[in-house]
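In what follows, a single structure is set out as structure tokens and then discussed.
The values are calculated or read from the model by the stated rules, or taken from the named source; none is laboratory data. This is a predicted model, so every value here is computed, not measured. For neighbour counting, all protein chains shown are included, and Cβ atoms are generated from backbone atoms with ideal geometry for every residue, glycine included. These area figures cover heavy atoms from the full protein model, side chains too; ligands, DNA and RNA do not enter into them. Shrake-Rupley method; radii C 1.70, N 1.55, O 1.52, S 1.80 Å.
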Amino acid sequence: THSGVFFGETPAALVRDGGAAAGTALNFSKFADPVVSATGDVAFKASLLAAPKGTGDGIWAHDGSVLRLVARQQDGAPGITGAVFSKFSDIALPDDGRVVFTASLAIGKGGVTATSDSTLWREDGAGGIALLLREGDPLEVARQYKGRNIADLKTSGTLKPFLDKWPGNNVCCAN
């Protein structure tokens, strides 16, 4: 065993390469981009040993006692008939332990095009995931926020608690 995801004051392995990957019949081969919530939950991207081509990457989370598969390449994208995940990019883990991630959908499946393949997802708290945003979908922005970037929005009323947890300031609202 050469790699894994380690956590704690005295780091202990949550998972290691060659170990069983929850939600699959396969084993882990490598890990990337682990994130930790303030409550101690951990999420990470990983690849699988001996997975069929295009199905070996996914996102897993550990809540302190149970390891779970969040999403995997070629899994169906809930709410988008026929669409499947092709690539996972960023992951975040708010204090509620529900993983948030960005993913690309496979172009050509379920009517997905190059202008509708980028998505943002969040675990729904009931064992599934829910689509939050999709490239090309209309996004309603209150008049007072049009033309302002995410840094401006962080200081305002009801959006502040959510946006304070959003990594970076690279989202912007259209005029």
Determine, at each q value in 0.16, 0.19, 0.28, 0.31 (inverse angstroms), the log₁₀ of I(q)/I(0) that the Debye formula gives when each Cα of the stretch 56-109 is one equal point scatterer. -0.50, -0.68, -1.14, -1.26
Rounded to one decimal in Å, the inverse mean reciprocal Cα-Cα distance for the stretch 8-148, i.e. its Kirkwood radius, is 16.1 Å
Treating only the Cβ of Lys, Arg, Asp and Glu as charged (+1, +1, -1, -1), what charge dipole size does the stretch 24-109 show about its Cα centre? Round to the nearest 20 debye. 420 debye
Once the whole set of protein chains is in place, how much accessible area is left on Leu133, using a 1.4 Å probe, in Å² to the nearest 10? 80 Å²
Separation between the Thr81 and Ser65 pseudo-spin-labels, each 7 Å from Cα along Cα→Cβ, expressed in nm? 4.1 nm
Among the trypsin sites (Lys or Arg not before Pro) within the stretch 1-103, which fall in a DSSP loop and have no more than 13 other Cβ atoms within 10 Å of their own Cβ? Lys53
